[in-house]
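Visitor: Before I ask anything, here is the structure I am working with.
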Amino acid sequence: ARKAGKHYRLLAERNPAFQPDLAMSLNNLANRLSMRGHREEALENARQAVELYRQLADKQADIHAPELAISLGALGNILQQHDETAREAVDCFAEGIRCLTPLSLKQPDIHDDLLRKLAEHYLGNCLKTGIEPDMELLESFADALQRSDDEEQKREPG
């Protein structure tokens, strides 16, 4: 995973078309480092992946917002393991919900599972840390899921 990150970093420096591959390799490396207990290095790579995906999603949200949401979830998972970064974990999950909710309205069958997982982690971390959940965020999430459920029922033969 380290070698892949180094190679994609070189490629992305030469050709920005490789930035999504670099972000994905940084995210993968962060996950592996976290599993092995290398928290600080995992956080560094996860934050770099999130920042790259933010830049990409600013240009092409339909393509890169789901990847950003996944990376925010991965960063949140690394952060939630320690009390001193629990607030930042909540913020990561909330941002992931915000960037994925509009896409869930367009393609619920593709995005709803990830949206539900992000919301589950968001709420779990809010409860764990005593942070009051953002009701507007949860309402937009619930509205998106309700609309996608309504659309699914319309498609089912009656």
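Visitor: Taking θ = phi - 60°, what integer Hz values does the Karplus form 6.51 cos²θ - 1.76 cosθ + 1.60 yield along region 15-25, in sequence order, with x for Gly and Pro?
Guide: With coefficients 6.51, -1.76 and 1.60, one gets 8, x, 4, 8, 4, x, 5, 5, 4, 5, 5 Hz.
Visitor: What distance in nm separates the simple spin-label points at Glu51 and Glu13, each placed 7 Å from Cα in the Cβ direction?
Guide: 1.6
Visitor: Of [x] 42; [y] 38; [z] 35, which one was derived for percent of Cα pairs over 23 Å apart from the structure shown?
Guide: Structure-derived value, by its label: [x].
Visitor: Under unit Cβ charges (Lys, Arg +1; Asp, Glu -1), what dipole magnitude, rounded to 20 debye, does the chain have relative to its Cα centre?
Guide: Roughly 940 debye for the chain.
Visitor: Turning to a different aspect of this structure: Pop the C-beta distance of Gln146 and Asp58 into the FRET formula with R0 = 35 Å and round what comes out to the nearest 0.05. Present the calculation step by step, with values, prior to reporting the outcome.
Guide: Values: r = 29 Å, r/R0 = 0.82.
So, using R0 = 35 Å, E works out to roughly 0.75.
Visitor: Let me ask something else about it. Once both labels are modelled 7 Å past Cα along the beta-carbon direction, what's the Arg32-Lys106 spacing in nm?
Guide: 3.3
Visitor: Please enumerate, by chain and number, the lysines with C-alpha under 27 Å from the C-alpha of Lys117, excluding those fewer than 8 residues away in the same chain.
Guide: By straight Cα distance, Lys117 reaches Lys59, Lys106, Lys128, Lys154.
Visitor: Tally Lys/Arg at +1 and Asp/Glu at -1 over every other residue whose Cβ is under 13 Å from the Cβ of Ala42; what's the total? Present the calculation step by step, with values, prior to reporting the outcome.
Guide: Values: positive: Arg2, Arg32, Arg36, Arg39, Arg47; negative: Glu40, Glu41, Glu44.
With Lys, Arg at +1 and Asp, Glu at -1, the neighbours total +2.
Each value in this text was obtained by applying a stated rule to the coordinates, not by laboratory testing. Source: prediction; values computed, not measured. Cβ coordinates were reconstructed from backbone atoms using ideal geometry, including for glycine residues, and neighbour counts include every protein chain displayed.
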